[in-house]
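Comments concern the structure below.
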Amino acid sequence: MIYNFNLPLSKLLTMTLSEEFIDKLKICKTDKELKREFKKIASEDPDKYFPTKELRNLGYMRKLCNCGTYFWTVLEEREVCGDPACSGGFQVVINNPSQIQLSYIEVWEKIVEILEPRDYVPIKRYPCVARWNPTSEFTIASISAFQPYVISGEVEPPAKKLLIPQFCLRFNDIENVGITGSHCTGFVMIGQHTFVPPEEWKQGELFMDMHDFIHEGVGLAKEEITIHEDSWAGGGSFGCSLEFFSRGVELFNQVYTMFEQTPDGPRELKLKVLDMGLGQERVAWFSQGTPNMYEAIFPYVLSKLREITKIELDLELYNQFSQYSAYLNIDEVDDMDKAWQRVANELDIGVKELKNKILPMTALYSIAEHARSLLFAINDGKLPSNVGGGYNLRVIFRRAISFIDHFNWDINMADVCIWHAKELKDIFPEVSEHLEEIREILDVEREKFYITKKKAGKIVEKVLKKGAISTETLIELYDSNGISPDMVKEAAKKFKLKVKLKVKIPDDFYSLVVEKHEKTEQIHATKKEIELNLTDIPETEPLYYYDYTKISNKAKVLKIIDNMVVLDKTVVYPTSGGQLHDVGTINKQKFKDAFKQGNYIVHVLEENPKFKEGDIVDVEVDEYWRTQLSQHHTATHIVNAAAKEILGSHVNQAGAKKTLKNSHLDITHYEQISTDNLLEIENRSNEIVKEGIDLNLRFMPRTEAELQYGMAIYQGGAVPGKKIRIVEVPGVDVEACGGTHLNNTSETSEIMITKSQKIQDGIVRLTFTAGKATQELKERNMKLLDELNSILRVDSDKLVGRANELLEKWKNLNKALKNGKVNSNDLELTSSEVFEGAVLKELSQILNVKKDQLPTKIKKLHSEWEESKEKLKSMQNVLSKEFIETLISESQNFDNYKLIIKAFENLDQADLRNLSIKVVKKENNAITIFLNITDKGIMLTGMLGSQPSDNSEFNIGNFIKDFLAEFGGKGGGRKDYGQGLIPKTDIEIQEIISRIESKLFRS
Ligand SMILES: [Zn+2]
Ligand SMILES: [Zn+2]
């Protein structure tokens, strides 16, 4: 049949997707199933899905490989497809097939040279941290730059036909990096993209553009090219694709995205998207014929690493190895040991020898590769941490450090980043902009790693005692303590147990860890709330975007569901973007909540409305409420900008919440913020306030805003819409933000940072107030200070000194009560030390309580200190010589011995014992029985002097035991010493003394 290329695909689709195919595709639940099913459908009718006319014109023939894939080749004799599994590994190194040698950067220059004259617009790369994309933290492909809003048609593409050198990050193949010679965590995917309606779609041309690039631009003979028929599916869209292979290397994949999956089955996309992603690394490698990709992409960095390590490339061995290194691809290998054995067999060398020779070489590749990914990721605004995407950065950083430590190399990862920046200057000058900051971030990260390593030994020992270590435990150890499997292995070696322990580390450990994190994040992402049915009314017109002082309007009631009301337009701000909703009234009836559902604003009244649908109503927003929230919101932008200025460009907003009381802003930062820095941020913020800058609030086409201000505008996360609202504090900050904002920064009034706390690794929360909230806070603080002044009897500037003194002396007196050693200095407060700084903040840190609890806490300390003084006084009295002499003089005669019975209150038991000893030492004829009334009951202590002890039958231990039994108490002792407790009793102390006396004199 004759294929007509000018026929719009929409018509082709209705012709091609038969009922049978639609049914087959409809049941596909996952992208994987879709891809598999559609590959079959497309290859059953290639003329309808692939540019077969162009392929035939170029002399390609269609063949079927044993693996089931249809492929195109110009070679009569070729029987297998280009997949390494079918064609026997990579063969690039032998007889480099490319006639033109291109350096890494020249690959990009070449494609621009060939395609720019054909109306492609080369554009700058997007950040690899995808702030604009709600579905993915990192940019994982060139097409990600345009997800989701360009693809969905909501936003205009920067150009209909474009080229982009997009740096991407993917962390599912970490273990392969360095080993297989072709895996990277970070790579540039050169995108050839078109975004056109079906009638402008020209598949044949798009195919020819890339064929010309690879054939003419890179100088690859057609004999060296194998093209596979394949398909692709992702995020609900799918289409067929052509994969270009040469010598076992997939050079690029041209995806013709034409359909989307819906609950009713597949449907043609309104906007057809060409998604061609070409690995710049792979093409450079291929064109240069280096033994692996790394040698082709960062030769300068490798030369620097080799200078330091003296690890030279053993080219002969490596060339042999590289032909088989694909066998070590962890994705396709179940048992890594066997895979290494297989490679060793092929090379006719022992496994151990092979590893000893190869691993130092591959370690250098890993270090260089990981440094490059870290450079881009940190530069683009992500920090290593233990959460989300930051976790991946930590994993690769630690993997690199493990290699460095293992081989004992003197390599600093920050240096490696700097070499990369230099090597990439001509294509990505922006990664040289924050190198000093990156050094500091990596220094802190390395510090954290070694601290972890230090404590690893003990933790691992504990776990090992329980027995063998499972994969789950390994992941847990890594997750919660940052202990890597290598650390576990090392610790296990040192830990010699009788039980034989084997720690089996899964080959794909890091992938498992990363996967686990992705899963937990997915769970958080898929929360869904109840939805009201609002489809039959028009969307609400919001009136709060331009002037926060506009707080009333007339509106028509469009819908009422119970106490929920939707109007045609409203000044009421619904909770969104971390800003709390407004409160106010509709026709004098209070509403307590307002939320957004799609583009509808729903007001929640306290009671069911007295008005009905169709009525015209008066809407009013509480003015104080609105002003305070706007102050807190504008303050948030100001503090964010100030923090970035003071701490560095790595600072980005990670979350924010604005309420009446205060606002908090979570920023990305790698350590606690010092007090000095906090003060600087606060000062800078207030400077911006005082400058009285007019805010610029407006809607802009998204693409224009991105071009003008960059991707940093998405501080609050992704925002949908073709047009986005830009909140600009000229010269300070620009953000895409939908909140209510002041008209001038001076309306913020004073900003006060009240707290800074690390809420998770890599994220610090700043809490602050603005406007009236600051005023109120200041008043509260004044009151607190007044209270504290009166307790400690000093002025505010001396409070810190006094409190420190009190704390110290409180502790000292507590000690003195136990050991009897009193320093008279501790009996008064004298400090007049002056403190310069935030007094209340300092005090609450010293005393470890919230500010509001300071008076209570200090009062308590103060009265306890006073009480201790009293106790010490009575203790000193009790032990004084005079007192003892008095006691002895008051004794009564018992069997010619001197019996002393005396009651005390709340004395320390040790003091009572000391007193007894002092008495019997002074008077060896004495028998003492002391009672001590305490909270628990009455303590009894008895002691005999040496005379009664040696000469009488009387046993004080037994006596006390018997006596206490009468009260249900417990006690006892020896002949010369006894003690015990009478539990709480109503009996008067005098009565107890009488009973002791009568029991004594009776016996
Ligand atoms: Zn095959
Ligand atoms: Zn905002």
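The values are calculated or read from the model by the stated rules, or taken from the named source; none is laboratory data. Quantities reported herein were computed from a predicted structural model and do not represent experimental measurements. Please note: Cβ atoms are built from the backbone with ideal geometry, for glycine as well, and neighbour counts cover all protein chains shown. Surface accessibility is based on the protein's heavy atoms, side chains included, excluding ligands, DNA and RNA. Shrake-Rupley method; radii C 1.70, N 1.55, O 1.52, S 1.80 Å.
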* Structure fact -> Going through (1) at pLDDT 95 or above; (2) in contact with a Gly (Cβ under 8 Å, 6 or more places away or on another chain); (3) of a type in the set (D, E, K, R); (4) farther than 19 Å from VAL572 by Cβ one by one, ARG702 fails only at (1)
* Asked: Based on what the data block shows, is THR745 more than 16 Å from ligand 2 (Cβ to nearest atom), modelled with pLDDT of 90 or more and touching a strand residue (DSSP E or B) at 6+ places or on another chain (Cβ under 8 Å)?
  -> no
* List, please: which pairs have Cβ atoms under 9 Å, are six or more places apart or on different chains, and start with a residue in region 859-885 that is over 19 Å from THR830 (Cβ atoms) and part of a helix (DSSP H, G or I) and end with one that is β-branched (Val, Ile, Thr) and at pLDDT 80 or above? -> LYS859/ILE791; VAL878/ILE884; ILE884/VAL919
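Quick grid of which residues meet (1) touching a residue at least 60 places away in the same chain (Cβ under 8 Å); (2) among the polar types (S, T, N, Q):
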{"site": "MET336", "(1), (2)": "yes, no"}
{"site": "GLN341", "(1), (2)": "no, yes"}
{"site": "SER366", "(1), (2)": "yes, yes"}
{"site": "PHE376", "(1), (2)": "yes, no"}
{"site": "ASP380", "(1), (2)": "yes, no"}
{"site": "VAL387", "(1), (2)": "yes, no"}
{"site": "ASN408", "(1), (2)": "no, yes"}
{"site": "ALA414", "(1), (2)": "no, no"}
{"site": "ARG439", "(1), (2)": "no, no"}
* Structure fact -> Within region 780-831, residues loosely packed, with under 12 Cβ neighbours inside 10 Å and part of a loop (DSSP other than H, G, I, E, B) come out as ARG793, LYS821, ASN823, GLU828, THR830
* Asked: Can you tell me which residue in region 190-218 is nearest to SER287 (Cα to Cα), limited to those that are part of a loop (DSSP other than H, G, I, E, B) and open to solvent by 10 Å² or more (accessible area, probe 1.4 Å)?
  -> LYS202
* Asked: Any idea how many residues of region 844-903 are modelled with pLDDT of 85 or more and within 60 Å of the chain's Cα centre (by Cα)?
  -> 27
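For (1) open to solvent by 20 Å² or more (accessible area, probe 1.4 Å); (2) over 19 Å from PRO134 (Cβ atoms); (3) not in a helix (DSSP H, G or I), each residue gets a yes or a no:
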{"position": "LEU697", "(1), (2), (3)": "yes, yes, yes"}
{"position": "MET700", "(1), (2), (3)": "no, yes, yes"}
{"position": "ALA705", "(1), (2), (3)": "no, no, no"}
{"position": "GLY716", "(1), (2), (3)": "yes, no, yes"}
{"position": "PRO720", "(1), (2), (3)": "yes, no, yes"}
{"position": "ILE724", "(1), (2), (3)": "no, no, yes"}
{"position": "GLU728", "(1), (2), (3)": "yes, yes, yes"}
{"position": "GLY731", "(1), (2), (3)": "yes, yes, yes"}
{"position": "GLY739", "(1), (2), (3)": "no, no, yes"}
* To do: Go through the residues of region 666-680 one by one and say whether even a single one is surrounded by 15 or more Cβ atoms within 10 Å (Cβ to Cβ), modelled with pLDDT under 95 and within 16 Å of ligand 2 (Cβ to nearest atom).
  => yes
* Number of the condition not met by TYR478 [criteria: (1) modelled with pLDDT of 70 or more; (2) surrounded by fewer than 16 Cβ atoms within 10 Å (Cβ to Cβ); (3) under 28 Å from the mean Cα position of the chain (by Cα)] -> (2)
* Asked: Under 7 Å by Cβ, and 6 or more places apart or on different chains, what pairs join a residue from region 478-495 that is in a helix (DSSP H, G or I) with one that is open to solvent by 40 Å² or more (accessible area, probe 1.4 Å) and modelled with pLDDT of 70 or more?
  -> ASN481/ILE459; MET487/LYS453; ALA491/GLU461
* Taking region 367-393 on its own, how many of its residues are in a helix (DSSP H, G or I) and under 19 Å from HIS434 (Cβ atoms)? -> 13
* May I ask you to list the residues in region 907-932 that are surrounded by 16 or more Cβ atoms within 10 Å (Cβ to Cβ) and either at positive phi or under 58 Å from the mean Cα position of the chain (by Cα) (or both)? => LEU907, ASP908, ASP911
* Exclusive hit being open to solvent by 20 Å² or more (accessible area, probe 1.4 Å) and within 34 Å of the chain's Cα centre (by Cα), set GLU316, GLU295, GLU307, GLU346 -> GLU295
* Structure fact -> Going through region 722-742 in order, the residues found to be more than 12 Å from ligand 2 (Cβ to nearest atom) and among the charged types (D, E, K, R) are LYS722, LYS723
* Among the listed residues GLY655, GLY648, GLY614, which satisfies the condition of being open to solvent by less than 50 Å² (accessible area, probe 1.4 Å), among the small types (Gly, Ala, Ser) and touching a Gly at 6+ places or on another chain (Cβ under 8 Å)? -> GLY655
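The rows are residues; the columns are (1) out of contact with any helix residue (DSSP H, G or I) (no Cβ under 7 Å at 6 or more places or on another chain); (2) of a type in the set (Ser, Thr, Tyr); (3) within 16 Å of ligand 2 (Cβ to nearest atom).
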{"site": "LYS556", "(1), (2), (3)": "yes, no, no"}
{"site": "ILE561", "(1), (2), (3)": "yes, no, no"}
{"site": "LEU567", "(1), (2), (3)": "yes, no, no"}
{"site": "TYR573", "(1), (2), (3)": "yes, yes, yes"}
{"site": "SER576", "(1), (2), (3)": "yes, yes, yes"}
{"site": "GLY584", "(1), (2), (3)": "yes, no, no"}
{"site": "SER630", "(1), (2), (3)": "yes, yes, yes"}
{"site": "HIS637", "(1), (2), (3)": "yes, no, yes"}
{"site": "LYS657", "(1), (2), (3)": "yes, no, yes"}
* Within region 277-295, restricting attention to residues that are among the hydrophobic types (A, V, I, L, M, F, W, C) and assigned to a helix (DSSP H, G or I), which residue is farthest from GLU243 (Cα to Cα)? -> MET293
* Structure fact -> Scanning region 117-138 residue by residue, those of a type in the set (Val, Ile, Thr) and either farther than 24 Å from ASP212 by Cβ or buried (at least 18 other Cβ atoms within 10 Å of the Cβ) (or both) turn out to be ILE123, VAL129, THR135
* To do: Go through region 741-773 residue by residue and tally those that are surrounded by fewer than 22 Cβ atoms within 10 Å (Cβ to Cβ), of a type in the set (S, T, N, Q) and outside any strand (DSSP E or B).
  => 3
* To do: Those residues that are without any contact (Cβ under 8 Å) to a residue 60 or more places away in the chain and β-branched (Val, Ile, Thr), I need them from region 556-596; list them, please.
  => ILE560, ILE561, VAL565, VAL566, THR570, VAL571, VAL572, THR575, VAL583, THR585, ILE586
* Looking only at region 89-97, decide whether some residue is at pLDDT 90 or above and either more than 12 Å from ligand 1 (Cβ to nearest atom) or more than 17 Å from GLU243 (Cβ to Cβ) (or both). => no
* Structure fact -> Of the residues in region 35-64, those that are surrounded by fewer than 20 Cβ atoms within 10 Å (Cβ to Cβ), of a type outside the set (Gly, Ala, Ser) and outside any helix (DSSP H, G or I) number 6
* Candidates SER874, SER889, SER880, filtered to the one that is open to solvent by 10 Å² or more (accessible area, probe 1.4 Å), of a type in the set (Gly, Ala, Ser) and under 30 Å from ARG793 (Cα atoms) -> SER874
* To do: Select from region 147-182 the residues that are touching a residue at least 60 places away in the same chain (Cβ under 8 Å) and of a type in the set (A, V, I, L, M, F, W, C) and list them in ascending order.
  => ILE151, VAL155, PHE167, LEU169, PHE171, ILE174, VAL177, ILE179
* Can you tell which of ILE227, ILE174, ILE164 is at pLDDT below 95 and among the aliphatic types (A, V, I, L, M)? -> ILE174
* To do: Give just the number: which of (1) of a type outside the set (D, E, K, R); (2) in a helix (DSSP H, G or I); (3) surrounded by fewer than 17 Cβ atoms within 10 Å (Cβ to Cβ) does ALA903 not satisfy?
  => (2)
* Do we have any residue at all in region 533-546 that's farther than 24 Å from THR185 by Cα and either at pLDDT below 70 or touching a helix residue (DSSP H, G or I) at 6+ places or on another chain (Cβ under 9 Å) (or both)? -> yes
